[in-house]
Amino acid sequence: MSQSIAVIKGDGIGPEIMEATLRVLDALDCGLTYQHIDAGLGALEKHGTLIPQESLDAIEKYGIALKGPLTTPIGKGFSSINVQLRRHFDLYANVRPAISFPGTRSRYDGIDMITVRENTEGAYLSDGQEMIDDGETGISVIKVTRKGSERIVRYAFELAKNNGRKKVTAVHKANIIKTSSGLFLDVAREIAKEYPEIEFQEMIVDNACMQLVMNPHQFDVMVTTNLFGDILSDLCAGLVGGLGLAPGANIGEKAAIFEAVHGSAPDIEGKNIANPCALLLAAAQMLDHLGMNEKGDAIRQGIRTVLETRRDMVTPDMGGTGSTDSFAQALVEYVQSH
Ligand code: NAI
Ligand code: MG
C-alpha cells in the first residue's frame, strides 16, 4: 500500500521536528510517500502568499497533511494560515488527544483521553456576525446547527468505536444557554442512541472543568462546541504537562491536517533542542486515521519507553540531556527492535 501525504515542514523549529518525525515514520515502514509543499514564511518569500494555491490543491489531492508549526507574520493583511485552512476545507472537527507520559510534568499517570471540538460554528463566527458593537454594548452570536452538531457528535462516536474507546461525554451548558447549547445536547442524545455499545454521559461545562482536574481518569472521548472545546483542550494539555506533548488534528470530509499544537518557537530555532514529541504524536494520530493503529501505538509506546529509559536522549525541556536528533534516534532504535 502506498499513500501520499502532503508535508509542510513549517517555520522556526518546524523543519527540525519534521525531520525527526519523518525519520521515525520511515523506520516504521508505513508506506507513505511525502509530497513537500510550501506554506508560511518560506512560501511568502517565494510566492508572495502564506499559502499558495498549489499547496491547497496538493492537500485536496492527497487528503492528508502533516504540518509543522507556521509563523503568522505580525501586521495587517495576514490572516492565520490555520484559520484559512480550516475555512477552505471546512475542517469541522478539532481532535486533541491528551496522554500522560512518564518523566514529564503530567499531573497524573494513566490519562488517555481525546477532546473533539466543533470547529466551524459556536461562539467563533467570522466577522460581521456581531449583533451590537457600538462601544457601549457588545453582543455576539452563538450559532449551533443541527447539521453541525450531528456531524461532530457522530465523529466523536465513530472515533470511539474505531479506537476501542468505551465512553463519550457531551459537554454543554444547556441549563443556561438553552437555545444553542440545548440544541447541541438534544442532538448528542439522539446520536448516542445509534451507538448502544458506547457509554454516553452528559456533563455541564463548569463541572467538567472541575472533574477534569479532580478525577480525569473518568474521561475517554469528550465532545463539545467550539468555545468550550478550545478551553477544555488546553486544560487537558496542561493536565498532561503542557503544549510540548500536545498534538491535534483538524478534520473535514475532504481533508485532514495533523499538527503539533505549539508554535514555531523562534527562540530555540536551529539549536537542535526542540522537543519533537507533539509532532510525533500528531503523526501517530494520522496513522490511526489511516487505519494503521498498530503503528500509531508503536510511536506512543516508543515515546513512553524513551522517556522512561533513555533520559540521555530526551530533549532539555523534558529534563533530559539529549537533543531533537538523539530523541529521534532513540525512537528509531525502539521501532527497529520491536
Ligand atoms: P510557541 O509555542 O512557538 O512558543 C512558546 C514557548 O514554548 C517558547 O519558549 C518555545 O521555545 C517553547 N516551545 C514551543 N514548542 C516547543 C518545542 N517543541 N520544544 C521545546 N520548546 C518549545 O508560541 P509563540 O512564541 O507564542 O509563537 C511563535 C510563533 O508560532 C508565532 O508566529 C505564532 O503565530 C506561531 N504559532 C503557530 C501555531 C501553528 O502553526 N499551529 C500555533 C501557535 C503559534
Ligand atoms: Mg486555543
If you go through the stretch 48-89 one residue at a time, how many are assigned to a helix (DSSP H, G or I), at pLDDT 90 or above and out of contact with any Gly (no Cβ under 8 Å at 6 or more places or on another chain)?
13
Does any residue of the stretch 17-26 turn out to be assigned to a loop (DSSP other than H, G, I, E, B), modelled with pLDDT of 95 or more and under 26 Å from LEU239 (Cα atoms)?
no
Taking the stretch 60-86 and keeping only residues that are of a type outside the set (Lys, Arg) and near ligand 1 (Cβ under 8 Å from one of its atoms), one is left with GLY68, PRO69, LEU70, THR71, THR72, PRO73, ILE74, SER80, ILE81, ASN82
For the stretch 124-162: of the residues being basic (Lys, Arg) and touching a residue at least 12 places away in the same chain (Cβ under 8 Å), which is surrounded by the fewest Cβ atoms within 10 Å (Cβ to Cβ)?
ARG146
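From VAL116, VAL141, which residue is touching a helix residue (DSSP H, G or I) at 6+ places or on another chain (Cβ under 6 Å) and either modelled with pLDDT of 95 or more or assigned to a loop (DSSP other than H, G, I, E, B) (or both)? Step through it out loud before you land on a result.
Working: VAL141 fails: touching a helix residue (DSSP H, G or I) at 6+ places or on another chain (Cβ under 6 Å).
So the residue among VAL116, VAL141 that is touching a helix residue (DSSP H, G or I) at 6+ places or on another chain (Cβ under 6 Å) and either modelled with pLDDT of 95 or more or assigned to a loop (DSSP other than H, G, I, E, B) (or both) is VAL116.
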Just to be sure, is ARG151 outside the structural domain of ASP297 (by TED's automatic domain parsing) and assigned to a helix (DSSP H, G or I)?
yes
Restricting attention to the stretch 36-47, which residues are touching a residue at least 24 places away in the same chain (Cβ under 8 Å), surrounded by 15 or more Cβ atoms within 10 Å (Cβ to Cβ) and not in a loop (DSSP other than H, G, I, E, B)?
LEU41, GLY42, LEU44
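Please state which one of ASN226, ASN250 is surrounded by 21 or more Cβ atoms within 10 Å (Cβ to Cβ), within 15 Å of the chain's Cα centre (by Cα), in contact (Cβ under 8 Å) with a residue 12 or more places away in the chain and not assigned by TED's automatic domain parsing to the domain that holds LEU290. Outline the logic, then answer.
Working: ASN250 fails: not assigned by TED's automatic domain parsing to the domain that holds LEU290.
When all the criteria are applied, what remains is ASN226.
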Within 16 Å of ligand 1 (Cβ to nearest atom) and part of a loop (DSSP other than H, G, I, E, B): does that describe GLY248?
no
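Just to confirm my filter: which helices (runs of 4 or more DSSP H) fall fully inside the stretch 156-244 and include at least 3 residues that are away from ligand 2 (no atom under 16 Å from the Cβ)?
Values: elements: 180-192, 205-214, 226-239.
In the stretch 156-244, 180-192, 205-214 are the helices (runs of 4 or more DSSP H) which contain 3 or more residues that are away from ligand 2 (no atom under 16 Å from the Cβ).
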Out of everything in the stretch 255-275 that is near ligand 1 (Cβ under 7 Å from one of its atoms) and among the small types (Gly, Ala, Ser), what residue ends up being surrounded by the most Cβ atoms within 10 Å (Cβ to Cβ)?
ALA260
Return the pairs, sorted by first residue and then second, in which the second residue is of a type in the set (Lys, Arg) and within 16 Å of ligand 2 (Cβ to nearest atom), the first residue lies in the stretch 259-281 and is over 17 Å from GLY242 (Cα atoms), the beta carbons are less than 6 Å apart, and the residues are 6+ apart or on different chains.
none
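Looking at the stretch 70-86, which of the residues that are more than 23 Å from GLU253 (Cα to Cα) and in contact with a helix residue (DSSP H, G or I) (Cβ under 9 Å, 6 or more places away or on another chain) is surrounded by the most Cβ atoms within 10 Å (Cβ to Cβ)? Quick ask: steps written out before the conclusion?
If we filter the stretch 70-86 for residues that are more than 23 Å from GLU253 (Cα to Cα), which is where we start, we get 70-79.
If we keep only those that are in contact with a helix residue (DSSP H, G or I) (Cβ under 9 Å, 6 or more places away or on another chain) as well, we get 70-73, 78.
On the way: LEU70: 26, THR71: 21, THR72: 17, PRO73: 12, PHE78: 14.
Applying the filter and picking the extreme gives LEU70.
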Given the condition surrounded by fewer than 18 Cβ atoms within 10 Å (Cβ to Cβ) and either touching a Ser or Thr at 6+ places or on another chain (Cβ under 7 Å) or touching a residue at least 60 places away in the same chain (Cβ under 8 Å) (or both), answer yes or no: does some residue in the stretch 88-102 qualify?
yes
Quick check on MET214: is it outside the structural domain of ASN82 (by TED's automatic domain parsing), surrounded by 15 or more Cβ atoms within 10 Å (Cβ to Cβ) and not hydroxyl-bearing (Ser, Thr, Tyr)?
no
Out of VAL240, VAL187, report the one residue that is within 16 Å of ligand 1 (Cβ to nearest atom), surrounded by 19 or more Cβ atoms within 10 Å (Cβ to Cβ), of a type outside the set (D, E, K, R) and more than 30 Å from TYR62 (Cβ to Cβ).
VAL240
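The values are calculated or read from the model by the stated rules, or taken from the named source; none is laboratory data. Remember, it's a predicted structure, so these values are computed and weren't measured experimentally. With ideal geometry, Cβ positions are generated from the backbone for all residues, glycine too; neighbour counts draw on all protein chains shown.
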